[in-house]
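Novice: Okay, handing you the structure first.
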Amino acid sequence: MPGAAANGGGGAGQGAASASGGASAGGSVTSGGSAGMPGASGAAASMLGLSVGPFSTCAIDAQRTVKCLGRCGPSGSGGSRDKAPEGLSASAVAVGRTFACALLLQPQDGTLVKCWGEGAAIEAPAITDAVEVVAGDYHACVRSSLGAVTCWGEAAHAAPGALVAKALAASGAMSCAIVSDDAVRCWGVRPAEPPADLRAQRIAVSSQLTDAQLGPRFGCAVSLTGDVRCWGDDPGGVQAVPVGLKAKAVAAGRSHACAIGADDVVSCWGTPPRFATPLPAGLKASELSLSFRSAGAIKPDGSFAFWGDTGDGRSAF
């Protein structure tokens, strides 16, 4: 789909948006840059993707190599299966709460999807056709070139029968897809049901899991005419979309949402976390990724900007 790609993920990258790809969640990565200090951009070589989670951040560099920091980074959180693989070449990456998955450039061991970290989601099935990967809290999904959807992990729920997807989003224990007629369909644990008349080109979702309890769930979409519509619960006033907002992409956090506007400027609404570093004023982005506590963007010049909680050391990118 033209324009921007959006993704929103579970306790991980709640949502991410890219001005050059399709809609996805949990952080599938399509374009990127490099970062200096949080809230500012770096000047190192351009990178090709970004996925921000609550405990990890992953990116894809100019050589298509996956780089991760935090829980899913090189040090991992335990055994070798927890650690980010070295030299992994990928076209996309998605960060969950305790894991990350990459869409490989070439099959390895009979599959195009490689996952690492903790939990059932690292046990990805053999996937030989995939063009998008997204992550919720403890599950992941991929979309094939023909629109088939495969999900796995602790909270995974099979996609509705006969569903043909154009784009995916995932968060918490909920997954959504833009289907062949541009309508939005969601499934999982008590999913936020989108409006029946919604026709979308980008989507992002947020579904909160706290101590195994299901919290607020909502979704936002960029319609075919560029308008932003949100549905479901209204944590922090996220349903109050700025009047007249036209967007290329949208991303969802815990109780707020952000969009890349028609002029590439990032705007946010709702009630964001108490960011240690605020959203840089006038920030322009080609890609945007939100988690519950953190946010990152790829600027049009290919550099990174980060704000919020940077406890995973993402400023080292």
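Novice: Given the conditions (1) touching a Cys at 6+ places or on another chain (Cβ under 9 Å); (2) closer than 30 Å to Val265 by Cβ; (3) surrounded by fewer than 19 Cβ atoms within 10 Å (Cβ to Cβ), report the number of the one that Val184 does not fulfil.
Specialist: (3)
Novice: Okay, next question. Looking only at the stretch 147-173, filter to residues that are under 19 Å from Gly117 (Cβ atoms) and part of a loop (DSSP other than H, G, I, E, B); which one of those is modelled with the lowest pLDDT?
Specialist: Ala155
Novice: May I ask you to list the residues in the stretch 133-143 that are over 12 Å from Ala177 (Cβ atoms), out of contact with any helix residue (DSSP H, G or I) (no Cβ under 8 Å at 6 or more places or on another chain) and either part of a loop (DSSP other than H, G, I, E, B) or not hydrophobic (A, V, I, L, M, F, W, C) (or both)?
Specialist: Gly136, Asp137
Novice: Next up: Check the stretch 251-258 and report whether any residue there is touching a residue at least 24 places away in the same chain (Cβ under 8 Å), more than 20 Å from Phe218 (Cβ to Cβ), out of contact with any His (no Cβ under 9 Å at 6 or more places or on another chain) and surrounded by fewer than 24 Cβ atoms within 10 Å (Cβ to Cβ).
Specialist: Scanning the stretch 251-258 turns up no residue that is touching a residue at least 24 places away in the same chain (Cβ under 8 Å), more than 20 Å from Phe218 (Cβ to Cβ), out of contact with any His (no Cβ under 9 Å at 6 or more places or on another chain) and surrounded by fewer than 24 Cβ atoms within 10 Å (Cβ to Cβ).
Novice: For the stretch 282-304, state whether one or more residues are surrounded by fewer than 16 Cβ atoms within 10 Å (Cβ to Cβ) and either without any contact (Cβ under 8 Å) to a residue 12 or more places away in the chain or touching a helix residue (DSSP H, G or I) at 6+ places or on another chain (Cβ under 8 Å) (or both).
Specialist: no
Novice: Let me ask something additional. Determine whether the stretch 199-208 contains at least one residue that is buried (at least 17 other Cβ atoms within 10 Å of the Cβ), under 21 Å from Asp227 (Cα atoms), in contact with a helix residue (DSSP H, G or I) (Cβ under 9 Å, 6 or more places away or on another chain) and not β-branched (Val, Ile, Thr).
Specialist: Within the stretch 199-208, one or more residues are buried (at least 17 other Cβ atoms within 10 Å of the Cβ), under 21 Å from Asp227 (Cα atoms), in contact with a helix residue (DSSP H, G or I) (Cβ under 9 Å, 6 or more places away or on another chain) and not β-branched (Val, Ile, Thr).
Novice: Mind telling me which of the residues Val265, Val228, Val222, Val250 ends up being over 18 Å from the mean Cα position of the chain (by Cα), of a type in the set (Val, Ile, Thr) and over 17 Å from Gly136 (Cβ atoms)?
Specialist: That would be Val265, the only listed residue that is over 18 Å from the mean Cα position of the chain (by Cα), of a type in the set (Val, Ile, Thr) and over 17 Å from Gly136 (Cβ atoms).
The values are calculated or read from the model by the stated rules, or taken from the named source; none is laboratory data. All values derive from a computational prediction rather than experimental measurement. Cβ: placed from backbone, ideal geometry, glycine included. Neighbour counts: every protein chain shown.
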